[in-house]
Amino acid sequence: MTDILFDCVKTVNFEMDYFRFGGGEKTMVILPGLSVQSVMGAARAVAEEYAVMRDDFTVYLFDRRKNLPARYSVYDMAKDTAEAMQSLGLRELCLFGASQGGMIALTVAAAHRELVKALAVCSTAARASAVRRDVLEEWIRLAREGDGKGLYLAFGRAIYPAAVFNAYRDALTAAGEGVTREELERFAILAEGSGDFHISDRLPGIGCPVLAAASGDDQVIDPNAAGGS
């Protein structure tokens with residue numbers, strides 16, 4: 001397995017953790033979806049899943065910024081992520097985003113043609129109305145109440161197929177017991193950031209090939225909204 005490099009982008013406005021792996025000439029950036037805890041802890045698993053790309057690509061995965069403001073919209077996330085990429089000198093990259101990461105990816109691609117030469121998004125949408133509000137609001141409520149175990153179970157129940165959720169229920173429960181109040185507050189702020197998202201009118205600004213994928217049984221985002229309609 002290619003070594004994983006952990007680092008942090010530091011600008012005058014924020015700090016953002018990221019990791020990278022692979023040694024290829026081409027650049028790929030992964031923007032993960034909303035998660036209860038930082039994806040930085042899953043770096044080894046991500047690198048293993050994307051091992052097939054390590055010879056052709058240098059792969060970067062960006063976390064959300066540190067020290068979130070009280071209100072932090074998807075537009076803000078996209079602005080900071082684009083700035084982080086620019087700070088590292090990344091250009092003409094292949095960008096992949098899932099769920100909320102897909103919303104960020106769509107926004108970055110529409111605003112920065114010079115950065116993105118190919119875009120792939122999965123289980124995402126260009127408008128907040130495609131997101132099930134009851135699911136999102138339950139997550140936010142559990143996070144605000146400090147119920148890490150309840151949040152992990154509700155999160156897992158919504159995003160995984162029933163068989164997978166049942167198989168990993170005990171692991172999710174255990175993970176939830178270790179969540180800190182700071183992590184729960186961070187999750188709530190990030191979840192609330194999707195609330196007013198709507199960039200359908202900006203999609204024509206994307207100047208690169210786009211692949212949009214969705215699952216027919218997605219319980220969080222309307223699968224018919226994968227194309228941004």
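The values are calculated or read from the model by the stated rules, or taken from the named source; none is laboratory data. Small disclaimer: the values here were computed from a predicted structure and weren't measured. Quick reminder, even Gly has a Cβ in these numbers, built from the backbone with ideal geometry, and neighbours come from all protein chains shown. We work out accessible area using only protein heavy atoms, side chains counted, and drop any ligands, DNA or RNA first. Shrake-Rupley method; radii C 1.70, N 1.55, O 1.52, S 1.80 Å.
Remarks
- Taken together, Gly102, Gly97 contain a single residue that is buried (at least 24 other Cβ atoms within 10 Å of the Cβ), in contact (Cβ under 8 Å) with a residue 60 or more places away in the chain and in contact with a Pro (Cβ under 9 Å, 6 or more places away or on another chain), which is Gly97.
- For the range 151-192, a residue qualifies if it is small (Gly, Ala, Ser) and either open to solvent by 20 Å² or more (accessible area, probe 1.4 Å) or closer than 15 Å to Val220 by Cβ (or both), and the qualifying residues are Ala154, Gly156, Ala158, Ala162, Ala163, Ala167, Ala171, Ala174, Ala175, Gly178, Ala191.
- Qualifying residue in the range 110-118 (condition: buried (at least 20 other Cβ atoms within 10 Å of the Cβ), closer than 23 Å to Val36 by Cα and modelled with pLDDT of 95 or more): no
- Check on Ser215, open to solvent by 20 Å² or more (accessible area, probe 1.4 Å), more than 19 Å from the chain's Cα centre (by Cα) and modelled with pLDDT under 90: no
- Filter result for Thr27 (in a strand (DSSP E or B), more than 13 Å from Leu115 (Cβ to Cβ) and open to solvent by 10 Å² or more (accessible area, probe 1.4 Å)): no
- So Ala125, is it open to solvent by less than 10 Å² (accessible area, probe 1.4 Å) and modelled with pLDDT under 95: yes
- Taken over the range 47-68, residues that are aliphatic (A, V, I, L, M) and assigned to a loop (DSSP other than H, G, I, E, B) amount to 1.
- With respect to (1) open to solvent by less than 30 Å² (accessible area, probe 1.4 Å); (2) more than 27 Å from Gly205 (Cβ to Cβ); (3) modelled with pLDDT under 95, the lone exception for Gly41 is condition (1).
- Pairs where the first residue, in the range 194-216, is farther than 18 Å from Lys79 by Cα and the second is modelled with pLDDT under 90 and assigned to a loop (DSSP other than H, G, I, E, B), C-beta under 7 Å, 6+ apart: Ala212/Ala226; Ala212/Gly227; Ala213/Ala226; Ala214/Ala226
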